[in-house]
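Step one of this worksheet: look at the structure below.
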Amino acid sequence: MQRSVMSYTVIGAAAPGRLRTALGAAAAAAALLAAAAPAAGTESGAVTAPVHAPVPPCGSGQVAADGAERLGANAVRITVVNEGSAPCVLRGHPAIALAGQGSPARAKSLTVVRLGPARPVELPPGGAAQTRISFTPVLGEADGYCASGAEPFVAPSMVLGVAGARLQLAPDDGGNFALCGTVVRATAFRPAS
């Protein structure tokens, strides 16, 4: 009696040597996945990025300004510098008042019309940001007048409110601020150019 041996081929099956190689590769891949798995307590599959502390807002002890750079008869540019030892973020628009020629009773608060969107400006130590302030100028010579009929107001300096600080600034040309009305326009702080 003769036995017949049947043989068959499974499609996709690997030869014994290849099977061991494939199993070894699968085990290595599983080990790599286990090593890269998130730690216990984290969401499965979440990728964690390095955590950086947010940059704090600028404080009154960090910011300084030297003066108001005149840009014609109706505008000044003010540059604020981070004099601190750490970076900080400056946001928004300044508050503005005209100083009262040595008397706080003569100070004049101004209404600020905010121009442009306010975006955070990160200032490294020594970094600077600028704002442009414009106003309706006094017309005429020494006894100037306002076209609107408002009373002219002249002051030797302005007070800029920024980051909790009140910075008193004079025009860089040694003159006075002379304006009509109580409204000024100020751009949001931007990185200095």
query = PRO16: open to solvent by 50 Å² or more (accessible area, probe 1.4 Å), modelled with pLDDT under 85 and not small (Gly, Ala, Ser), yes or no?
reply = yes
task = Please indicate, with yes or no, whether at least one residue in segment 119-131 is modelled with pLDDT of 90 or more, in a loop (DSSP other than H, G, I, E, B) and in contact with a Ser or Thr (Cβ under 8 Å, 6 or more places away or on another chain).
result = yes
ask   = For segment 150-165, which residues satisfy the criterion of being assigned to a strand (DSSP E or B) and at pLDDT 90 or above?
value = MET158, VAL159, LEU160, GLY161, VAL162, ALA165
message = Would you confirm, using the coordinates I've provided, whether ASP143 is open to solvent by 40 Å² or more (accessible area, probe 1.4 Å) and in contact (Cβ under 8 Å) with a residue 40 or more places away in the chain?
response = no
Residues located in segment 166-193, provided they are modelled with pLDDT of 90 or more, under 23 Å from GLY116 (Cα atoms), open to solvent by 60 Å² or more (accessible area, probe 1.4 Å) and part of a loop (DSSP other than H, G, I, E, B) = none
ask   = Which residues, counting only those in segment 146-158, are under 27 Å from PRO87 (Cα atoms) and open to solvent by 40 Å² or more (accessible area, probe 1.4 Å)?
value = none
remark   = Exactly one of ARG114, ARG106 is closer than 26 Å to PRO57 by Cα and of a type outside the set (S, T, N, Q), and that one is ARG114
ask   = Taking segment 46-71 on its own, how many of its residues are at pLDDT 90 or above and either open to solvent by 50 Å² or more (accessible area, probe 1.4 Å) or part of a loop (DSSP other than H, G, I, E, B) (or both)?
value = 13
note = Note on VAL113: of the conditions (1) open to solvent by 70 Å² or more (accessible area, probe 1.4 Å); (2) over 13 Å from LEU160 (Cβ atoms), unmet is (1)
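The values are calculated or read from the model by the stated rules, or taken from the named source; none is laboratory data. What you see is a predicted model, and the numbers here were worked out from it, not measured in a lab. So basically every Cβ, Gly included, is an ideal-geometry build from the backbone, and we count neighbours across all protein chains shown. Ligands, DNA and RNA are excluded from the accessible area calculation, which covers all protein heavy atoms including side chains. Shrake-Rupley method; radii C 1.70, N 1.55, O 1.52, S 1.80 Å.
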